[in-house]
Amino acid sequence: MRLGRAGVLVAAIAAVLLGASSPATAVPWDGVAPYVDSGRSTTGLQQLVWTPTDTSGIDPAYAAGRLAAEPTPGLGQVYAHTNHAVHYKSDAACADARAAISAADAAYTLAAWCFDGNDETSNRWLPQSVTSSQDAEQAPGYSAGGDEVVGVWRQEASSDDIARCPGLPADTARSAGLRATFLQRPYTDGTHGGYRHVLLVVPGASNGDGLTFGPVCDVHGGGVSWYGPYLFVAKHGSGVLVFDTRRTYLVPDDGACGPDHAAPTPNDVGQVTDPSGGSQLCAAGYRYVMFEVGSFHTTPSGCSTTPSALTADLCFSSISLQRSDDSLVTTEYRGTADMTASGAPVRIVNWPTATLVDRITTGSTAPVSASRLAATNLEGIQGVVARPDPAGSGHPEYFLARTVPGGHGSQLWFERDGDGVCASRGTFVDDTESMAYWLDSGGSAHLWTFTEYANRRMLVRVYTSEYNDPPSGCPTQ
């Protein structure tokens, strides 16, 4: 995610930032050690309200054959029909991409894989966030059906794809679509790693020809968490979109669903009308689509990168899953100018998954309150993973990935809140995106992330144990 790049960040008046949620003056962010304070009150913080999406046209479209499946809707068909593969970092195919991981690779035990074809060499689609089937299976009784790493990518809004998003300008910082990539968890010996993209779509009101749908327009997709059957995707300005993996369908004639069954263009998403009469559903050449089933929006509404109060104008830049209490953890990206103009620090918020899922399954519009609130002065945050202190001290732990201003560099910070030891900083991969937590069969903890840009694009896995040593002195950002 790049909503703006930033300069060195820190707070000279941390006491103001950590005080009450009343408006504060602008803060100079130079010369103060980074911190995370998890003991903030959630009183007065914005809540989330569920709004279901009208999905009533999907089942009739499937029954009529306008949507299909191999053999049934869901992810099994995606797993069974992968059409790309990643390459381990030592492969010749990753020769250029290795530049993005070289510093961290020299300092730590790091596994990384680059991508196939245009997925590696083009910036038309940019990876933004990562989760896994292991996250999904934290939901009681849920089986993901495969050992998968999942990424969400955004499509740059360009002149040849914006017609599918009416009113969207041709601006590469904006997005004309989202896709989810289901990837067999790759091994370091180069095996596994087959993957397939699925276009994320929003059902529309049915017309005389039946179901309509469209792409996810102007959403950055900077965070994703798979929990039970649901993909929770960050919508920066307002909350979280929800997609149901069980609502994954095959688009018949996916490669010939344009007008009069021509090859589809990037704008052929949804119902395509033929000049000769009739229509068919299309997904710009993608074989599979997954449907949005609703969204959570903040109440009261409002997102600002320069909030004046701790409890107001919350933004949603990234998402991860905290497994100790089954909560979604959301946080905010802010650049240098944002931090300087803010009267409140960056918020890290926990939302209880049990309550979120209850709202989805029951349709209740009762507001969902945050279960925990932390504050940090770290600028340029791309992703946060939170967990309890495994030593049982009661001090929560945070891994925070941030991009460094002025180039491609990133850092991975570790903080054990309230232990009296300052945050530690580790060398990280370039252009990091959001992160997800992973425990291997031996009990070792890992973090997954992506590096973002073409010819430097990799899926990366690191050991958390190599990033949590206290520093010899308190570093600044």
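Can you work out which of the residues in segment 60-75 that are touching a strand residue (DSSP E or B) at 6+ places or on another chain (Cβ under 9 Å) and outside any loop (DSSP other than H, G, I, E, B) is nearest to PRO252 (Cα to Cα)? If we take residues in segment 60-75 being touching a strand residue (DSSP E or B) at 6+ places or on another chain (Cβ under 9 Å) and outside any loop (DSSP other than H, G, I, E, B), then ALA68 is nearest to PRO252 (Cα to Cα). Just to be sure before I move on: is GLY392 open to solvent by less than 40 Å² (accessible area, probe 1.4 Å), more than 16 Å from ILE319 (Cα to Cα) and out of contact with any strand residue (DSSP E or B) (no Cβ under 8 Å at 6 or more places or on another chain) in the structure I sent? Spelling it out, it is not the case that GLY392 is open to solvent by less than 40 Å² (accessible area, probe 1.4 Å), more than 16 Å from ILE319 (Cα to Cα) and out of contact with any strand residue (DSSP E or B) (no Cβ under 8 Å at 6 or more places or on another chain).
Only residues that are among the small types (Gly, Ala, Ser) and either open to solvent by 10 Å² or more (accessible area, probe 1.4 Å) or in a loop (DSSP other than H, G, I, E, B) (or both) were counted across segment 113-138, and they come to 2. The set of residues in segment 84-112 that are within 25 Å of TRP438 (Cβ to Cβ) and in a loop (DSSP other than H, G, I, E, B) comprises VAL86, LYS89, SER90, ASP91, ILE101, TYR108, THR109.
You will find that of ALA354, ALA370, the residue that is out of contact with any Asp or Glu (no Cβ under 9 Å at 6 or more places or on another chain), aliphatic (A, V, I, L, M), touching a residue at least 12 places away in the same chain (Cβ under 8 Å) and farther than 29 Å from GLY214 by Cβ is ALA370 and no other.
Picking from residues in segment 368-389 that are touching a Lys or Arg at 6+ places or on another chain (Cβ under 7 Å) and in a loop (DSSP other than H, G, I, E, B), the one that is surrounded by the most Cβ atoms within 10 Å (Cβ to Cβ) is GLY380.
Tell me, please, whether a residue that is in contact with a Gly (Cβ under 7 Å, 6 or more places away or on another chain) and among the acidic types (Asp, Glu) can be found in segment 314-327. Scanning segment 314-327, I find no residue that is in contact with a Gly (Cβ under 7 Å, 6 or more places away or on another chain) and among the acidic types (Asp, Glu), so the answer is no.
The residues of segment 186-231 that are open to solvent by less than 20 Å² (accessible area, probe 1.4 Å) and of a type in the set (S, T, N, Q) amount to a single one, SER225. Only one entry in SER56, SER41, SER22 is closer than 21 Å to LEU314 by Cα, at pLDDT 50 or above and either in contact with a His (Cβ under 8 Å, 6 or more places away or on another chain) or open to solvent by 60 Å² or more (accessible area, probe 1.4 Å) (or both), namely SER41.
Of all residues in segment 453-473, those satisfying the criterion of being of a type in the set (Ser, Thr, Tyr) and touching a residue at least 12 places away in the same chain (Cβ under 8 Å) are TYR453, TYR463, THR464, SER465, TYR467.
If you filter segment 173-185 down to residues that are basic (Lys, Arg) and part of a loop (DSSP other than H, G, I, E, B), you find that the one that is least open to solvent (accessible area, probe 1.4 Å) is ARG185. Counting the residues of segment 270-285 that are open to solvent by less than 20 Å² (accessible area, probe 1.4 Å), touching a residue at least 40 places away in the same chain (Cβ under 8 Å), within 17 Å of ASP161 (Cβ to Cβ) and out of contact with any Gly (no Cβ under 6 Å at 6 or more places or on another chain) gives 1. Any idea which residue in segment 287-315 is least open to solvent (accessible area, probe 1.4 Å), counting only those that are in contact with a Phe, Trp or Tyr (Cβ under 9 Å, 6 or more places away or on another chain) and not in a strand (DSSP E or B)? Filtering segment 287-315 for residues that are in contact with a Phe, Trp or Tyr (Cβ under 9 Å, 6 or more places away or on another chain) and not in a strand (DSSP E or B), the one least open to solvent (accessible area, probe 1.4 Å) comes out as CYS315.
Among the residues of segment 141-181, those identified as more than 21 Å from the chain's Cα centre (by Cα) and either modelled with pLDDT under 95 or acidic (Asp, Glu) (or both) are ASP160, ASP161. Of the residues screened, ARG402 is one that is closer than 20 Å to TRP448 by Cα, among the basic types (Lys, Arg) and either touching a strand residue (DSSP E or B) at 6+ places or on another chain (Cβ under 9 Å) or surrounded by fewer than 18 Cβ atoms within 10 Å (Cβ to Cβ) (or both). Selection of segment 59-96 for residues being among the polar types (S, T, N, Q) and open to solvent by less than 40 Å² (accessible area, probe 1.4 Å) yields only GLN77. Selection of segment 381-399 for residues being touching a Gly at 6+ places or on another chain (Cβ under 9 Å) and modelled with pLDDT of 95 or more yields GLN382, GLY383, PHE399. So which residues in segment 250-265 are open to solvent by 10 Å² or more (accessible area, probe 1.4 Å), under 18 Å from PRO203 (Cα atoms) and either without any contact (Cβ under 8 Å) to a residue 24 or more places away in the chain or under 28 Å from the mean Cα position of the chain (by Cα) (or both)? Passing the criteria: LEU250, ASP254. If a residue has to be in a loop (DSSP other than H, G, I, E, B), open to solvent by 60 Å² or more (accessible area, probe 1.4 Å) and at negative phi to count, how many in segment 139-165 make the cut? Looking only at that region, the number is 5. Selection of first residues in segment 429-452 that are more than 28 Å from ASN123 (Cα to Cα) and of second residues that are open to solvent by 10 Å² or more (accessible area, probe 1.4 Å) and outside any strand (DSSP E or B), restricted to Cβ pairs under 6 Å at least 6 apart or on distinct chains, gives an empty result.
The values are calculated or read from the model by the stated rules, or taken from the named source; none is laboratory data. This one's a predicted model, so the numbers in the text were calculated from it and none came from an experiment. Reconstructed Cβ throughout: ideal geometry from the backbone, glycine too, with neighbour counts over all protein chains shown. What goes into the accessible areas is simple: the full protein's heavy atoms, side chains included, and nothing from ligands, DNA or RNA. Shrake-Rupley method; radii C 1.70, N 1.55, O 1.52, S 1.80 Å.
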